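Have a look at the structure below, then the notes.
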Amino acid sequence: MFAANPEIVTPVGIAVAPDGRVFVQENHTHKRNSSYKGPKTDRILVFEDKDKDGVAEDRSVFYEGHTFSTDLLFGPGGHLYVSTRWFIGRFPDAATKAKAEGEPEKLILCETDGDYPHNGVGGLAIDPANPEWLAFGFGENLGADYTFVGTDGVKLSGGAEGGSTYRCRTDGSMLTRQTTGHWNAFGMAYDLDGNLFSTDNDPNAIPPNRLLHIVPGADYGFEYRYGRSGLHPLVCWYGENPGTLGMIGALGEAACGLVPHGPGKLLSASWTDNRVDLHSLTAKGESFTATREPFLSGPDDFRPVHFAYSADGRYLYFTDWVKLSYPVHGNGRIWRVEFKQPITLEPSSKRTPAGELSTTEALTKLGSDDPYARTAAMHVLSKTPDALAAYDWQSEANGIARAHYALALKRSDAASRVDIIPALLKDDDSEVRFVGIKWVADEKLIQYESNLKGVLNRSDLSRRDLRAVVAALSRISSDSKKEFSPDETLLELALDTDKPPSLRAMSLANVKVDHPGLTVANLASLARSQNHVVRLEAVRSLALHADADRAEVLAEIAADQSLDDNLRADAIAGLASVAQDQSELLDTLSSDANPLISAEAKRTRVAGGLVERQVDIKPQADQLEKWIRLIHREATEEPDPAVGRRLFFHSGFAGCYKCHTMHGRGSSVGPDLTNIRNQEDAAQEWFLKHIVNPNAEMAPYYRPQQLLTVDGQVLTGLIIGKEGKKQAYVAADGKVFYVDKEDVEERRELQTSIMPTGLLDAMSVDEIRHLIAYLLHANERPVQPRLSANANRSRTGTPLLPVPSSR
């Protein structure tokens, strides 16, 4: 501990002078309340360790007078750069001075009404090998309009687009916007190869925070105009929308400072997770992937913020806010880490400056598999509208290239650029249509409302199309500031008998089953629809519904021999949780002549505890080869994705839906598996490995926390929210629980997945193959009905048995 309160309180930015003096911003204004007794404004303090024992003896005030301080950085020439949420300043030659000589030079001003303490200007970074340029970040500013003004009069304005990053010369001239789509780029740093990275806090406390590779022209997906949650259909967090980039690695919650740690490595501070993490970089295409492992961790009163090295690389200093409290509280620390070997801080000599693409090269890269290559191409082309105008984009066979051509045109200043929108909305590729839909929404182009509605009538309408169109129509027709939810509109579409059945069915599939309007009565009515796809989606929603009254409707459908086999089977599977009440029906169906019906009824009786069955003994989780031999040797049936779907959503067997989503249904605790089959190497054996041994490969942001509470409870769960006094977790069974943060005595991150092993132990070999077939071949559109031999019976024909009450 280099220094602690009362000598230092609520520190943020830190910088070390060449002579070893440690400059620290002491914050007295961050959410200050009326009872706080500290100085009226923030200060920059200087600490010195004159006897070289690792503890500061002397403290002096270098400057006093700022508000909402965020970062400090020494640049070449000993100049000290300082940021507050409203400006970047510079104290010339501060490295040779004991006290500031007046106010700092104002280099960049941020003119805005936004005044939240830490979502403004911050994240200062200078590349030592290119020291004439300064990079900095800017938070989402709660969507308030802003204008940056440089020393040469350059002005850049924005508002609702989300957080962003910028670059200017170190004298404040030649200001340019580098990237958009951030939540809050609070920490930024160059690595030794001259690559720029930033931390990015997450919207509305939805993990994980992101480690981003900053490249010119990049969009990282978040836009404040679409609400704070980050869950709007037109924004993204992982780079899944056309023209966006995702994270190269996960960060801990409330990610703050970032600093290089020798070649190919970075350190980040997690204020909420009480730790400093080490990230190793591995090249991937034109960017990187990054690992995340603990470097330093501490108890709940360890809240690291920003870093700085001594000039010789022997020491790393970092600030510690100490308390969970956002308002300033009179506590604080500065820590020093001593390395056994000095950390290399010298820029790499192997740098190969990347020249800007020619327009010809850029056009060829629009359809690249590498999103960073596409970003570079769009960045060039958006500045060359003549090249865009000359390009025959509709003759391009690659849908990804067409989509990114349209994005480059959207970002350009071409006068007639919106004329392309009707053609985008009619394109055969969903990626291209999405660009057109979002363009209409972003710029509120109400003249294309009828074109938007036309997308809903497509026979190949995708789930993303549907959700995006619903969101865009809401955006252009309303100025509401409420957080958008598509469920109301989707439910209206599902219940509207004048709409195409395929649209109604897809809308229903995307309404959350706990939506208040999605009642058993509504679903029962939809389940009696004359259209197969509407009936099927109604049954699937009923199977997941929490209202016990659903059982009566499901039992009637299960018993009706005039219906599609898979529809009846879905209803039978939905009875698993009430099998005891439906035992007579399930017993009869178990003897049905139709093997699909009898098999599902038998499975439901097992799941409901009515009967027992023997299945093959399964190998250990780490014995993949034995698993592979087992499912090939003992299989007796052809894999059926329809059966696999029922297992995925089965309350008594695989139950994957409790943590995962597929085509809009399920939970978002774990990854959405809708497009998992498109992942490289995804095949039967790949899925088998990840299901039987979820600990084999686990993303850092899916590592669960183990908690010891003050009353002796041991709880394990995955973090899903950290706002307020309580912290939300989800347990292995998919249930959410909350813990008061003050009740946590000890917390540690586990290296084992929240996804339990043994998920397949109760399943037969054929069932395992069915489940994997669903993951590999799931179709978001229901298959055509498979009618039984009794299909010519009336829809209202007599059921096999009187339907028992579900109560």
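Checking the structure you have, find out if any residue of segment 731-738 is within 20 Å of residue 543 (Cβ to Cβ), surrounded by fewer than 16 Cβ atoms within 10 Å (Cβ to Cβ) and modelled with pLDDT under 90. Within segment 731-738, one or more residues are within 20 Å of residue 543 (Cβ to Cβ), surrounded by fewer than 16 Cβ atoms within 10 Å (Cβ to Cβ) and modelled with pLDDT under 90. Of the helices (runs of 4 or more DSSP H) lying entirely inside segment 336-436, those carrying at least 2 residues that are small (Gly, Ala, Ser) and within 20 Å of residue 218 (Cβ to Cβ) are 371-381, 399-411. From the list 189, 185, the one residue that fits, being buried (at least 24 other Cβ atoms within 10 Å of the Cβ) and farther than 23 Å from residue 144 by Cα, is 189. Counting the residues of segment 248-286 that are of a type outside the set (D, E, K, R) and more than 29 Å from residue 315 (Cα to Cα) gives 1. When 334, 421 are checked against the criterion of being at pLDDT 95 or above, surrounded by 15 or more Cβ atoms within 10 Å (Cβ to Cβ) and in the same structural domain as residue 271 (by TED's automatic domain parsing), a single residue qualifies: 334.
Criterion applied to 283, 269 was being touching a residue at least 24 places away in the same chain (Cβ under 8 Å) and outside any loop (DSSP other than H, G, I, E, B), and the one residue passing it is 269.
Just one of the numbered conditions (1) outside any strand (DSSP E or B); (2) closer than 20 Å to residue 140 by Cβ is not true of residue 179: (1). Looking only at residues in segment 280-302 that are over 30 Å from residue 324 (Cα atoms) and of a type in the set (S, T, N, Q), the one that is nearest to the chain's Cα centre (by Cα) is 289. Taking first residues from segment 299-321 that are assigned by TED's automatic domain parsing to the domain that holds residue 52 and farther than 11 Å from residue 14 by Cβ and partners that are among the charged types (D, E, K, R) and modelled with pLDDT of 95 or more, the Cβ contacts under 7 Å between residues at least 6 apart in sequence or on separate chains come to 302/320; 303/320; 314/338; 315/336; 315/338; 321/303.
Residues being touching a residue at least 60 places away in the same chain (Cβ under 8 Å), assigned by TED's automatic domain parsing to the domain that holds residue 305, at positive phi and in contact with a Lys or Arg (Cβ under 7 Å, 6 or more places away or on another chain) are represented in segment 43-55 by at least one member.
Working only within segment 26-45, note down all residues that are more than 39 Å from the chain's Cα centre (by Cα) and not in a loop (DSSP other than H, G, I, E, B). None - no residue of segment 26-45 is more than 39 Å from the chain's Cα centre (by Cα) and not in a loop (DSSP other than H, G, I, E, B), so the list stays empty. A count restricted to segment 137-155 and to residues that are surrounded by 15 or more Cβ atoms within 10 Å (Cβ to Cβ) and part of a strand (DSSP E or B) stands at 6. Selection within segment 156-170: residues that are touching a Gly at 6+ places or on another chain (Cβ under 8 Å) and part of a strand (DSSP E or B). The member of this set that is surrounded by the most Cβ atoms within 10 Å (Cβ to Cβ) is 163. The residues on offer are 593, 579, and the sole one that is loosely packed, with under 14 Cβ neighbours inside 10 Å and at pLDDT 90 or above is 593.
There is no residue in segment 97-113 that is without any contact (Cβ under 8 Å) to a residue 40 or more places away in the chain and within 26 Å of the chain's Cα centre (by Cα).
Contact annotation: residue pairs with Cβ atoms under 9 Å, 6 or more positions apart or on different chains, pairing a residue in segment 11-29 that is at positive phi with a partner that is of a type in the set (S, T, N, Q), are 20/310.
The values are calculated or read from the model by the stated rules, or taken from the named source; none is laboratory data. Every value quoted in this text rests on a predicted model; they were computed, and no experiment measured them. Counting neighbours? That spans all protein chains shown, and the Cβs are built from the backbone with ideal geometry, glycine included.
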